[in-house]
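Comments concern the structure below.
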Amino acid sequence: MTTTLPCATEPAAYAAPGPTTDGPTTDGPADPDAPSLPSLQARFRPVFDRIAQGAAERERTRSLAHEPIAWLRDSGFTALRVPRRLGGAGASVEQLFALWTELAEADSNVAQILRPHFGFLDRVLIDRDAATQARWLPLAARGAVFGNATTEVGAGTLGTLQTTLVPDAQPGWWRLDGRKFYSTGTLYADWVTVVARAVEPGKEDQTVHAVVPTSESGVQRFDDWRGFGQRLTGSGTTVLSQVRVPDDAVIRFPRAQPTPLVAYFQLAHLATLAGIARALQRDAIAYVQARRRVFSHGSATLPKDDPLVQHIVGQLAGTAYIAGLAVADVAAELGRIAREREAGREVPLQQLHALELRTAQAQVAVVDTVLQAAARLFEVGGSSALSEDLALDRHWRNARTLASHNPVLYKARSAGDILLNGADPIYYWHVGVTGHGGLKALARPRCAGTGAAAVPISPERISTCHAPQNPLQKQALAKAPKPISKCVKFLSPYRRSAL
């Protein structure tokens with residue numbers, strides 16, 4: 001059977017479509033009875049203020065944020081995206097990320113802790129059926145917090161998982177074994193979603209999510225994250241040893257097709273960075289307004305009246321403003337797509353591509369800007385700004401750590417490839433060692449005249465998307481040996497996987 005992939009030969013193919021007439025056209029909740037953003041802000045801002053008051057002290061003493069997570073759970077914040085019919089607030093994606101930015105301003109650690117939690121809830125809302133939603137979302141409505149155990153470290157082959165899920169001797173049950181790192185939020189969580197390789201005799205291995213209680217026998221959590229930033233996120237080791245998992249706790253999310261969830265998880269980082277930008281503005285203003293000492297070669301009798309200091313504060317405010325706009329822009333498009341998916345309507349591939357490109361562009365714009373602002377903050381004062389009591393350095397350390405999760409240089413390259421060559425966005429990526437099945441598999445043979453790697457394609461699998469898209473590609477295809485080969489230099493990873 002021939003699979004025809006949609007082609008994007010011009011950057012215009014990634015333009016976001018306008019509002020449709022058969023779905024929601026506003027940026028608010030789909031539920032007309034859902035609360036407004038101002039009412040949600042009035043409800044949660046006192047909690048955010050309480051969290052902010054202890055943020056610097058927690059950072060200095062490396063005190064884990066168990067209390068702030070409990071305050072957010074008790075206030076109903078962790079059930080923000082759960083539909084009202086299932087006991088939650090029924091807030092929209094746009095409202096979530098607006099509040100997320102405010103929470104990150106209070107303490108970026110706490111916002112990052114909840115990234116896996118909200119990501120799991122929205123994955124269930126956007127990508128799963130009503131039965132799966134009814135199984136898990138009411139738990140969040142009752143206060144359950146979800147963590148993650150996804151990434152593995154070490155010398156594992158790129159694109160493979162060492163964590164396995166195998167059938168148990170008792171029908172309807174599985175056994176889970178593995179070791180994960182970067183388990184953000186799991187120290188604080190009641191449940192952990194574990195990405196594993198389901199291995200069944202006579203069947204092809206599948207990537208699945210096993211959702212297990214953190215109190216389950218065989219689950220061990222370690223506070224061994226030693227990064228210089230986001231120190232309180234619990235992003236350390238999770239060990240799973242013969243953990244029993246019922247069949248209804250094994251979720252098979254689609255893994256080989258475009259999805260809005262990749263943009264969702266990146267937007268969580270961007271919202272946290274936007275919150276850090278707001279905290280930079282807040283702390284700069286507070287520091288300067290309280291300061292009385294000036295330099296002999298300064299330009300005013302008080303720091304707050306010095307034009308140079310005012311210039312720096314204005315720059316910090318501009319960064320916070322632009323970062324907030326970028327988050328709101330991506331969230332608006334993600335919200336429209338989420339409502340379509342939640343309503344059971346298909347979202348055009350063009351719209352998913354446009355969202356992914358928009359998110360990549362926002363990441364490229366926001367990351368460096370916030371990092372520069374976090375360094376510029378110290379220009380407003382002298383050595384007193386370096387005091388550990390103020391802990392102003394935490395903003396740069398935390399921003400740098402967030403920026404390193406999904407390296408921005410690869411996103412910039414991907415955006416450039418999309419705009420220049422009509423390439424497809426990269427929806428899934430892995431970290432590991434190249435080898436069998438990894439990038440080395442693309443190293444042979446070479447396309448005549450270009451030096452790009454070639455892969456054989458049988459004639460019956462040629463579709464319109466495999467057609468060369470410029471004279472250089474046509475020349476390479478004409479010179480390629482039979483069976484027909486395509487230069488994978490001109491194909492995105494998504495298209496390569498379909499060959």
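Annotations for the structure displayed:
- Computed on protein heavy atoms with a 1.4 Å probe, the accessible areas place V195, V364 in the order V364, V195, largest first.
- Rounded to the nearest 10 Å², the accessible area of H117 at probe 1.4 Å: 0 Å²
- Chymotrypsin sites (Phe, Trp or Tyr not before Pro) restricted to DSSP loop in the stretch 282-325 with at most 16 other C-beta within 10 Å: F295
- Ranked packing of 338-345, 135-142, 33-40, most packed first, by mean Cβ within 10 Å: 135-142, 338-345, 33-40
- Within the assembled protein chains, the solvent-accessible surface assigned to V433 is about 70 Å², based on a 1.4 Å probe.
- Taking I285, I312 and ordering them by how much accessible surface each has at a 1.4 Å probe, largest first, produces I285, I312.
- Pairs of Cα atoms farther than 22 Å apart, the stretch 277-366, %: 51 percent
- Cα gyration tensor category, rounded, prolate or oblate, for the stretch 82-200 with a/c compared to 1.5: oblate
The values are calculated or read from the model by the stated rules, or taken from the named source; none is laboratory data. Small disclaimer: the values here were computed from a predicted structure and weren't measured. FYI the Cβ positions are ideal-geometry reconstructions off the backbone, even for glycines, and counts take in every protein chain you see. For the accessible areas, the whole protein counts, side chains as well, though only heavy atoms, and no ligand, DNA or RNA atoms are used. Shrake-Rupley method; radii C 1.70, N 1.55, O 1.52, S 1.80 Å.
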